[in-house]
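The block underneath contains the structure these notes are about, expressed in structure tokens.
The values are calculated or read from the model by the stated rules, or taken from the named source; none is laboratory data. Quick caveat, the model's predicted, so the values are computed rather than measured. Every residue, glycine as well, gets a Cβ built from its backbone with ideal geometry; the counts of neighbours run over all protein chains shown. Please note that ligands, DNA and RNA were not included when accessible areas were found on the heavy atoms of the full protein model with its side chains. Shrake-Rupley method; radii C 1.70, N 1.55, O 1.52, S 1.80 Å.
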Amino acid sequence: PYPGPGAVELYTPIGPADAPVMPQIQRVDHDGTVTTLFTEDADGVPLKRPSDVCGDGAGGFYVTDFGATHGRTRELAGVLHGAPGATLREVVFPVELPNGIALSPDRTRLYVTETRTRRLWSFTLDGPGRVAAWHSLATIPSGGPINFGGVDGCCVDRAGNIVVATLG
């Protein structure tokens, strides 16, 4: 999607799908059974582009909803919290292309990467799905041969170190 020296065409858009699938959050059981859990949040707002997910340690999960770009217009999206058999609630809004998501080992902090801004956000939690405070923890520098950058997924090791995957 970013033409330049050495770029390789990865895909060619062929138009809209004949039967588009609505964005959704699904559970896949160990036997391969797939169950759709959510297609919208508790307020009836349809999911845009769910991206990364992480468990909350209490049977629920956090998920980033990436949003989309339509010409010169971008949808802002956010971070949602849900649980099978419960509701899906937006707990952080707005976030500019939220992507990676991970919890600290003690589950008191939620980390979210913002792809376009290259920011890593830290959210202090007051229990599962309850954000008490937040701040920008770091901005990841761009780099690579074309000095392009973005952040993608992230994870946290047992010692609390945050690992962020980068684009570019």
Study note, to complete from the structure: Counting only protein heavy atoms and leaving out ligands, DNA and RNA, the solvent-accessible surface of Ser142 at a 1.4 Å probe, in Å² to the nearest 10, equals 50
Practice item. Kindly give Rg over Rh for the chain, based on alpha-carbon atoms, with the Kirkwood expression for the hydrodynamic radius. Key: 0.98
Revision key, fill the gap. Spelling it out for Val91: with amide H atoms placed in the peptide plane at 1.01 Å from N, the residues 5 or more places away or on another chain with amide H under 5 Å from its amide H are Val79, Leu80, His81
Practice item. Could you pull out every residue, at least 5 positions away or on a different chain, whose amide H is within less than 5 Å of the one on Ala138? Hs are placed 1.01 Å off N in the peptide plane, and Pro or chain starts have none. Key: Leu120
Check your understanding: Pick from Ala102, Ala138, Ala77: which residue has the top mean-square fluctuation in a GNM of the chain where Cα pairs under 10 Å get a spring?
Key -> Ala138
Check your understanding: When the Kirkwood radius is taken over all Cα pairs of region 63-158, what Stokes-Einstein diffusion coefficient follows at 4 °C and 1.567 mPa s, in µm²/s?
Key -> 92
**Study point:** Cleavage-rule hits, trypsin sites (Lys or Arg not before Pro), region 20-103, DSSP coil, Cβ neighbours within 10 Å at most 12
**Key:** Arg72
Review point. With a ≥ b ≥ c the root eigenvalues of the C-alpha gyration tensor of region 20-108, is it rounded (a/c under 1.5), prolate (a/b larger than b/c) or oblate?
Key: oblate
Exercise for review: Quick one: among Thr124, Thr64, Thr33, which has the greatest mean-square fluctuation in a GNM of the chain with alpha-carbon springs under 10 angstrom?
Suggested key: Thr33
Check your understanding: What percent do you get for the relative contact order of the chain when only Cα pairs under 8 Å and 6+ apart count?
Key -> 13
Review point. Mind listing the phi-derived Karplus ³J(HN,Hα) values for region 132-142, rounded to whole Hz, using 6.51, -1.76 and 1.60 with θ = phi - 60°, and x for any glycine or proline?
Key: 9, 7, 7, 7, 7, 7, 7, 10, 7, x, 7
Point to revise | ³J(HN,Hα) computed for each position of region 87-95 - Karplus, 6.51 cos²θ - 1.76 cosθ + 1.60, integer Hz, glycine/proline x | key: 9, 10, 10, 6, 10, 9, 7, x, 9
Study note, to complete from the structure: In whole Hz, the Karplus estimates of ³J(HN,Hα) for region 19-26 (6.51, -1.76, 1.60; θ = phi - 60°; x where Gly or Pro) are 10, x, 9, 5, x, 7, 10, 10
